[in-house]
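**Student:** Quick one: the structure is below, and I'll ask about it shortly.
The values are calculated or read from the model by the stated rules, or taken from the named source; none is laboratory data. As the structure is a prediction and not an experimental result, all values here were calculated from the model. FYI the Cβ positions are ideal-geometry reconstructions off the backbone, even for glycines, and counts take in every protein chain you see. Only protein heavy atoms, including side chains, enter the accessible area calculation; ligands, DNA and RNA are left aside. Shrake-Rupley method; radii C 1.70, N 1.55, O 1.52, S 1.80 Å.
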Amino acid sequence: MNGYGKRISITAFFVFLSAVVLLLAGNLGSGVILGEPDEYVHAQIAQNLLKTPFPYYSGSPFFYDLPGLFVIGSFVTRFINDPLISVRFVSLFSTILLGVAIYFYLRSKYLTGWAALIGALLFYFNPLTIFYSQVGLIEPLVSLFLFCFLVFYDLFLERNQLRYSLISGVFLAAALLTKYTALYFILVVLIIFIYKSLRASIKEFAKRSTGYLLLDLKTLIPLAIPAATVLPLIVFFYTRFPIEFKMQTYQVLGVTRMAVFRLFTNLNAETAGNILWWLPLPLLLGTLFGFFVFLVRFRSRSLFCLLIFMISLTLVLSRAPFHPRYFIVLLQFV
């Protein structure tokens, strides 16, 4: 694409982005959504953080997730002065930024500006995107952080530049500070770190016949940043509220009877029958087609993105009880 066409596609994207903001922002002040009562809980915790450094709801500490959303929502509340609208604003802003991230990710894969623009528009026009962009839940924010982690770690694997490793570590830490779901992606980075370290060690041994282990420090950074930021916070909360923190963390990780994690427990006829409620048939068929085109076009360069998608899909299909909002983390892949 020539420079003129590139400028037009970028301009068209941000003009449409502005229209999306104006369209959706007008609904943030609507009443409580009965089907998603958690946003009221999130709003109350955000408001309480204005008075105490600990996340509280109804007089009790709240540790079902780390307080990333609540801290940001509390900051926004200082300006908007309405906690419910504040957490909804965080969801809206996260959704808008996620569309921008999709656009630039597709451009980094050397797609044309117009093709990247269509990808972003498909995300914005998804019915679930439109609905949940106006609901004050954790999922829109954690989806933004996890996808940005994917984008920059993918760039790091492709170009082996330190800056991409650093930025991906920051976004992974932010995702962990928002929702424990990001723990599973730590395992992916750990596996890649072990693989690259062993590969470098084997090459060194083949050249010099010396048997010592080399560590791929660039790959270690996205593990070190979350560890340095998240672990001290966990220790701090556990020290102050050991019983509540332990009980609630066990529950959210799916090791209690109230919330379970069982592999593919939601892979059933009821969930399959509801897919067309969440994704219109043309979009679903286009997703399946695009999935295979992506694999054929990018081959080995698609492996990391594919792995993150498969982990996200497995998590969505394995948590009970199931809520449609869990599907939000898959929308950027659609």
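**Student:** Does residue 71 meet the test of being open to solvent by less than 20 Å² (accessible area, probe 1.4 Å) and farther than 19 Å from residue 147 by Cα?
**Tutor:** no
**Student:** Given the structure, is residue 152 open to solvent by less than 10 Å² (accessible area, probe 1.4 Å), within 18 Å of residue 107 (Cβ to Cβ), part of a helix (DSSP H, G or I) and modelled with pLDDT of 90 or more?
**Tutor:** It is false that residue 152 is open to solvent by less than 10 Å² (accessible area, probe 1.4 Å), within 18 Å of residue 107 (Cβ to Cβ), part of a helix (DSSP H, G or I) and modelled with pLDDT of 90 or more.
**Student:** If I filter the stretch 295-334 down to residues being open to solvent by 40 Å² or more (accessible area, probe 1.4 Å) and in contact with a Phe, Trp or Tyr (Cβ under 9 Å, 6 or more places away or on another chain), which single residue comes out as modelled with the lowest pLDDT?
**Tutor:** The extreme case among them is 319.
**Student:** Given the criteria surrounded by fewer than 16 Cβ atoms within 10 Å (Cβ to Cβ), aliphatic (A, V, I, L, M) and either assigned to a helix (DSSP H, G or I) or modelled with pLDDT under 95 (or both), does residue 50 qualify?
**Tutor:** Taking the combined requirement at face value, the residue satisfies it.
**Student:** Further question on the same structure: List pairs: first residue in the stretch 285-296 and closer than 16 Å to residue 275 by Cβ, second residue assigned to a helix (DSSP H, G or I) anywhere in the structure, Cβ distance under 8 angstrom, at least six positions apart or on different chains.
**Tutor:** 286/122
Residue-by-condition table, conditions (1) of a type in the set (Ser, Thr, Tyr); (2) open to solvent by less than 20 Å² (accessible area, probe 1.4 Å); (3) touching a residue at least 12 places away in the same chain (Cβ under 8 Å):
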residue	(1), (2), (3)
35	no, no, no
40	yes, no, yes
75	no, no, no
86	yes, yes, yes
98	no, yes, yes
115	no, no, no
123	no, yes, yes
133	yes, yes, yes
142	no, yes, yes
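**Student:** Say we look at the stretch 210-259 and pick out the residues that are loosely packed, with under 12 Cβ neighbours inside 10 Å and modelled with pLDDT of 90 or more; which of these is nearest to residue 158 (Cα to Cα)?
**Tutor:** Only one residue fits best here, namely 228.
**Student:** Also, I was wondering about something else. In the stretch 164-180, which residues are open to solvent by less than 40 Å² (accessible area, probe 1.4 Å) and part of a helix (DSSP H, G or I)?
**Tutor:** 164, 165, 168, 169, 172, 173, 174, 175, 176, 180
**Student:** Given the conditions (1) more than 19 Å from residue 160 (Cα to Cα); (2) outside any helix (DSSP H, G or I), report the number of the one that residue 230 does not fulfil.
**Tutor:** The single condition residue 230 does not satisfy is (2).
**Student:** Something else now. Please give the number of the condition residue 163 fails out of (1) in contact (Cβ under 8 Å) with a residue 12 or more places away in the chain; (2) closer than 24 Å to residue 97 by Cα.
**Tutor:** (1)
**Student:** How many residues does the stretch 276-294 contain that are open to solvent by less than 50 Å² (accessible area, probe 1.4 Å), aliphatic (A, V, I, L, M) and in a helix (DSSP H, G or I)?
**Tutor:** Looking only at that region, the number is 2.
**Student:** Right, next: Looking for something part of a helix (DSSP H, G or I) and free of Cβ contacts under 8 Å to residues at least 24 places away in the same chain - is there at least one such residue anywhere in the stretch 254-262?
**Tutor:** no
**Student:** Going through 145, 205, 131 one at a time, which residue ends up being modelled with pLDDT of 90 or more and either over 23 Å from the mean Cα position of the chain (by Cα) or assigned to a helix (DSSP H, G or I) (or both)?
**Tutor:** 145
**Student:** Another question about this same structure. If you check every pair at least six apart or on different chains, which have Cβ atoms under 7 Å apart with a residue in the stretch 306-334 that is assigned to a strand (DSSP E or B) first and a residue that is open to solvent by 50 Å² or more (accessible area, probe 1.4 Å) second?
**Tutor:** Listed pairs, sorted by first residue: 319/261; 320/262.
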